Amino acid sequence: MTMKKLLTLVAALAVTSLTAYQAGAQQLQSHLYEITKSGKLRVCIWPNYYAISLRNPDTGKLEGIDIDLSEELAKDLGAKLEYVETSFSTFIADLQANKCDLGMFGVGATMKRAQAVAFTQPYLISGVYVVAYKDGKVKTWADLDKPGVNIAVPLGSYIEPFMRGYLKNAKLVAIAPPNTTQAELMAHRVDAIATDYPASTKMNAQFDWSMTLAPPEPLSVTPYAYVMNQGDQIWLNYMNLFVQNIKLDGRLKAAAEKNKLGPIVAP
């Protein structure tokens, strides 16, 4: 063997070894490896999200589609489920601080958020709706953007920046946890809530004074996905497979119908 061929072989072996080492290092650093090793799955949720991840004020128990599906994920992983409370204004920092392995609480997969975090394939899709009192000043969509009308949105939600650009005359009020838009509306501090399909549907079912207004045409239609830190391709691949599987085996449909979210299941 010539010296040139020998050097070529040595270089090829070095590249192969480096690739194998990098793959092994990534596996050791992946959340999937840590979950299977520790037997614990940490899931970030926002516990004030109707039909998604709500702590029922009467029972103290968590309920919603992502509570049901996080339990399914824990079963698939053979791991003990641990919930970590977060909010739309803090979940990115919480993920980056490794407070949880992923977020499962109907997070809108926006292009801006995708600059900081990674999203799975979508499992739900929703646009913007408005919830108001049946006997209030906001009775139609045309009543919404008028002087003297106060509209609440959750601070940090994808709906907040959209409504800031959409409204020209009404006042937008961003509500930070632990306060909620629902509490602001029920206290008559605002005239309406800008929200999504899950929250509007649940509020209509729970309160006889509540009504939902749909826009004349769909607004800010957004995919909802599970969210995690960037750079963990192994974990992202696993979660994408999980989403695909729950679509195929009926678990997503069943959880959606249980929580009255069937119309917004992603294809």
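For the reader, a short list of remarks on this structure follows.
- Close Cβ contacts (under 7 Å, 6 or more residues apart or on different chains) running from residues in segment 64-80 that are more than 15 Å from ASN259 (Cα to Cα) and aliphatic (A, V, I, L, M) to residues that are modelled with pLDDT of 95 or more and in a helix (DSSP H, G or I) comprise LEU73/PHE242; LEU77/ILE35; LEU77/THR36; ALA79/ILE35.
- The single condition among (1) more than 19 Å from the chain's Cα centre (by Cα); (2) closer than 30 Å to ASP135 by Cβ that ILE234 does not meet is (2).
- For segment 128-140, filtered to residues that are of a type in the set (Ser, Thr, Tyr) and in a strand (DSSP E or B), the residue that is nearest to PRO263 (Cα to Cα) is TYR129.
- Any hit, segment 229-247, residues being loosely packed, with under 14 Cβ neighbours inside 10 Å and acidic (Asp, Glu): no
- Exactly one residue among THR140, THR195, THR110, THR181 is modelled with pLDDT of 95 or more and assigned by TED's automatic domain parsing to the domain that holds SER53, and that residue is THR110.
- Just one of the listed residues (LYS146, LYS202) is without any contact (Cβ under 8 Å) to a residue 60 or more places away in the chain, more than 16 Å from PHE88 (Cα to Cα) and either not in a helix (DSSP H, G or I) or not acidic (Asp, Glu) (or both), namely LYS146.
- Contact map, segment 101-127: residues that are closer than 7 Å to ALA225 by Cα and assigned to a loop (DSSP other than H, G, I, E, B) paired with residues that are among the hydroxyl-bearing types (Ser, Thr, Tyr) and at pLDDT 95 or above, Cβ distance under 8 Å, separation 6+ or inter-chain. Pairs shown: ALA109/THR222; ALA109/TYR224; THR120/TYR226; PRO122/TYR224; TYR123/TYR224; TYR123/TYR226.
- Qualifying residues in segment 59-100 (those that are assigned to a loop (DSSP other than H, G, I, E, B) and within 14 Å of the chain's Cα centre (by Cα)) - the one surrounded by the fewest Cβ atoms within 10 Å (Cβ to Cβ): SER89
- Residues satisfying the stated conditions in segment 162-181, i.e. touching a residue at least 40 places away in the same chain (Cβ under 8 Å) and outside any loop (DSSP other than H, G, I, E, B): PHE162, TYR166
- Residue match in segment 189-210 (condition: under 12 Å from ALA132 (Cβ atoms) and of a type in the set (Phe, Trp, Tyr)): yes
- Residue within segment 186-193 that is free of Cβ contacts under 8 Å to residues at least 40 places away in the same chain and either aromatic (Phe, Trp, Tyr) or touching a strand residue (DSSP E or B) at 6+ places or on another chain (Cβ under 8 Å) (or both) present: yes
The values are calculated or read from the model by the stated rules, or taken from the named source; none is laboratory data. All figures in this text were calculated on a predicted structure; none of them were measured in a lab. Because the Cβ atoms are built from the backbone with ideal geometry, glycine has one as well, and the counts that use them run over all protein chains shown.
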